[in-house]
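Structure record follows, encoded as structure tokens.
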Amino acid sequence: MTQQDLPLNIEGLEQYQSQLDNASGTWLKGFRQKSFNQWLELGMPTVKDEEWKYTSLAEVVNRRFQIAGQQQLKDTKALKAYLSQTDINIVSVNGVLSTELSDLKKLPQGLTVSSLNEALAGNDREIQETMAKLTPNDTKAFLFMNQALFLDGVMLKVAPKAVVEPVVHIIHVTHATTADSIVFPRTFITVGEAAQVSILESHISFDAVSYLSNAVTEMRMAPHALVGYCKAQAEAPQAVHIGTTRIWQEGASTLDSFSFNHGGILTRNNLSILIKGEGTHTIMNGLYGIDGTQHVDNHTLLDIQHPNCTSYQLYKGLLNDSARAIFNGKIYVHSQAQKTNAYQLNKHLLLGKQARVDTKPQLEIFADDVKCTHGATIGQLSQEEIFYLQSRCISRQMAIQLLSKGFIDDIINTIKSDSIRGKLSRLLVQKFPEIKL
């Protein structure tokens, strides 16, 4: 097979695949090959595809990538500055769990962490069946690519009825020694019945080069589980991040999720939450603070298949300069999902005159006894509010800062964990230093 036959130019791919096959068991080898064939058949999405009409990958497809293999992070000062000593830090470098940098020796009772390859070697049926599933919201080309080419990953398991009090922080570090590297981070999380845990998953890099991170996270929540989950994307300025997050939520469980986007030149997030039991409660909040020519595209799906479920979704975007944001959020209520109560809202504040937003909140309802609302707003700061603050001896610049801070605080303060909220606030201050949180 030549480079021209591939949907994406990746040097040394055949040799890399041969190394993966030699290290894979029977099931994983067959799974990789099937995924690779599906990727070849599907190809890469273009703006002609409805789900990608506002996000062009032409510049990405024209590059020539090199797979960033397993590497040691030599300079750990910047990483240690990002970490919190009160968290349980699980570090993955270029998609491979780092036992040296992770807190594997201080895991509390009920929490198990291992490499994903180690877990797959045990022929765990739950992992195999979950990885083989597809959801209506998947970015299939990138999902198939990740499944075919991921090197390793992180496996996190919370035992039934376990209560993990510290934040579990999974840090995916991209260590790109050359430009146009490509990595495939992968995480699998399973939370047992009536267990409680707060998880922060970060995607970061300390290398100022261009690269592509194609990340996949999957989570299974058992009945009555209580999970706080936050994904923080703080990639390098020239990075491209394509993220697929898939969560299966069983009956009477509660999920409080938060999506944060801060870095990268181009970001596409696909978040799919599938309700598989009655009486669930789901929160889907998000914030993206971007400037320059950054491009963020969020696609979310809440698939409600059972009755008596509640959900709340609020996504906010703060855009400066010529930044662009896309939001496409769908709530799908099946005919049997009676007594559903679902709320969805998307808000944007444009600070830059050239900033642009395309938003499309969607409801598809096939049940007749539900309460569902959705909406979207796009606007600039009110000149009347700025004038009012100026009349109180506040400078115009300070007035803009105060109003922008109020817009951000409203969503940041929904995060219950002090550790996670503080970390995201510090990242925002780095990008918008004039807005002190």
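Please compute the Kirkwood hydrodynamic radius over region 250-356, one decimal place, Å, based on all pairs of different Cα atoms.
Numbers: mean 1/r = 0.0688 Å⁻¹.
For region 250-356, the Kirkwood estimate is 14.5 Å.
Would you work out if region 323-377 is rounded, prolate or oblate? Take a ≥ b ≥ c from the square roots of the eigenvalues of the alpha-carbon gyration tensor; rounded if a/c is under 1.5, else prolate when a/b is larger than b/c, oblate otherwise. Could you put the intermediate results ahead of the total?
On the way: a/c = 5.52, a/b = 3.16, b/c = 1.74.
It comes out prolate by the Cα gyration axes.
For region 218-289 and region 310-383, what is the separation of their C-alpha centers, rounded to whole Å?
With region 218-289 and region 310-383 each reduced to a Cα centre, they are spaced 16 Å.
Within 10 Å, count the other beta carbons around each residue, average over each peptide in 328-341, 104-117, and list them highest first. Kindly include the intermediate steps, with their values, before the conclusion.
Working: 328-341: 18.8, 104-117: 15.4.
So the order, starting with the most tightly packed, is 328-341, 104-117.
In nm, to one decimal, how far is the K353 label point from the Q85 one, both placed 7 Å along Cα→Cβ?
Between K353 and Q85, the simple spin-label model gives 5.0 nm.
A 25 angstrom limit on the alpha carbon distance is what I want to check against. Which of K405/K431; K161/K339; K34/K74; K48/K316 exceed it?
On the way: K405/K431 13 Å; K161/K339 28 Å; K34/K74 36 Å; K48/K316 27 Å.
Result: K161/K339; K34/K74; K48/K316 exceed 25 Å.
For the chain, modelled as a Gaussian network with Cα springs under 10 Å, which listed residue fluctuates most, D409, D303, D152?
It is D409.
If you add up the charges near W248, with Lys and Arg at +1 and Asp and Glu at -1, over every other residue whose beta carbon is less than 11 angstrom from its beta carbon, what do you get? Walk me through the intermediate numbers first.
Working: positive: K133, R220, R246, K276; negative: E126, E129, E218, E250, D303.
Charge balance near W248 sits at -1.
Let a ≥ b ≥ c be the square roots of the eigenvalues of the Cα gyration tensor of the chain; is it rounded (a/c under 1.5), or, if not, prolate (a/b larger than b/c) or oblate? It would help to have the intermediate numbers written out before the result.
Working: a/c = 1.40, a/b = 1.23, b/c = 1.14.
Cα axes put the chain in the rounded bin.
FRET efficiency for E50 and C393, Cβ-Cβ distance as r, R0 = 51 Å, nearest 0.05? Numbers along the way, then the final one.
Numbers: r = 52 Å, r/R0 = 1.01.
My answer for the efficiency is 0.50.
Counting only heavy atoms of the protein chains, get the accessible area per residue of the chain (1.4 Å probe) and round it to a whole Å² value.
Numbers: 18180 Å² over 437 residues.
I get 42 Å² per residue for this part.
If you take the square roots of the eigenvalues of the alpha-carbon gyration tensor of region 1-149 and sort them as a ≥ b ≥ c, do you get rounded (a/c under 1.5), prolate (a/b over b/c) or oblate?
On the way: a/c = 1.73, a/b = 1.48, b/c = 1.17.
Prolate, since a/c reaches 1.5 and a/b exceeds b/c.
Using unit Cβ charges (K, R positive; D, E negative) and no other charged atoms, how large, in debye to the nearest 20, is the dipole of region 303-408 about its Cα centre? Before the final figure, lay out each step's value.
Working: 12 positive and 8 negative charges, 84 e Å.
Here region 303-408 has a charge dipole of around 400 debye.
Quick one: 3J(HN,Hα) in Hz for region 132-141, Karplus 6.51/-1.76/1.60 with θ = phi - 60°, rounded, Gly and Pro as x.
Computed from phi, the couplings for region 132-141 are 7, 6, 10, 10, x, 9, 5, 7, 4, 4 Hz.
Which whole-Hz ³J(HN,Hα) couplings does region 253-270 yield from phi under the Karplus relation 6.51 cos²θ - 1.76 cosθ + 1.60, θ = phi - 60°, glycine and proline marked x?
8, 10, 10, 10, 10, 9, 10, 10, 10, 9, x, x, 8, 9, 10, 10, 10, 10
Considering only protein heavy atoms and a 1.4 Å probe, what is the carbon-and-sulfur percentage of the accessible area of the chain? All intermediate terms of the calculation are to be shown ahead of the outcome.
Working: 8990 of 18180 Å².
Here carbon and sulfur together make up 49 percent of the probe-accessible area.
Can you compute 3J(HN,Hα) from phi for each residue in region 311-325, using the Karplus curve 6.51 cos²θ - 1.76 cosθ + 1.60 with θ = phi - 60°, rounded to whole Hz and x for Gly and Pro?
Karplus values, whole Hz, x for Gly and Pro: 8, 9, 9, 9, 10, 10, x, 10, 10, 10, 6, 10, 5, 9, 10.
Testing the spin-label approximation: label points 7 Å from Cα along Cα→Cβ at R64 and Q338. State their distance in nm.
6.3
By accessible area of protein heavy atoms, probe 1.4 Å, what ranking do D21, D297, D358, D418 get, highest first? Provide the component values of the computation, followed by the final result.
Working: D21 50, D297 0, D358 30, D418 110 Å².
The residues order as D418, D21, D358, D297, largest area first.
What pairs from K29/K105; K77/K106; K106/K231 go past 25 Å between their alpha carbons? Walk me through the numbers before you get to the answer.
Numbers: K29/K105 31 Å; K77/K106 21 Å; K106/K231 23 Å.
From K29/K105; K77/K106; K106/K231, over 25 Å: K29/K105.
The values are calculated or read from the model by the stated rules, or taken from the named source; none is laboratory data. Since this is a predicted model, take the numbers as computed values, not measurements. Neighbour counts run over all protein chains shown; Cβ positions are idealised from the backbone, glycine included. These area figures cover heavy atoms from the full protein model, side chains too; ligands, DNA and RNA do not enter into them. Shrake-Rupley method; radii C 1.70, N 1.55, O 1.52, S 1.80 Å.
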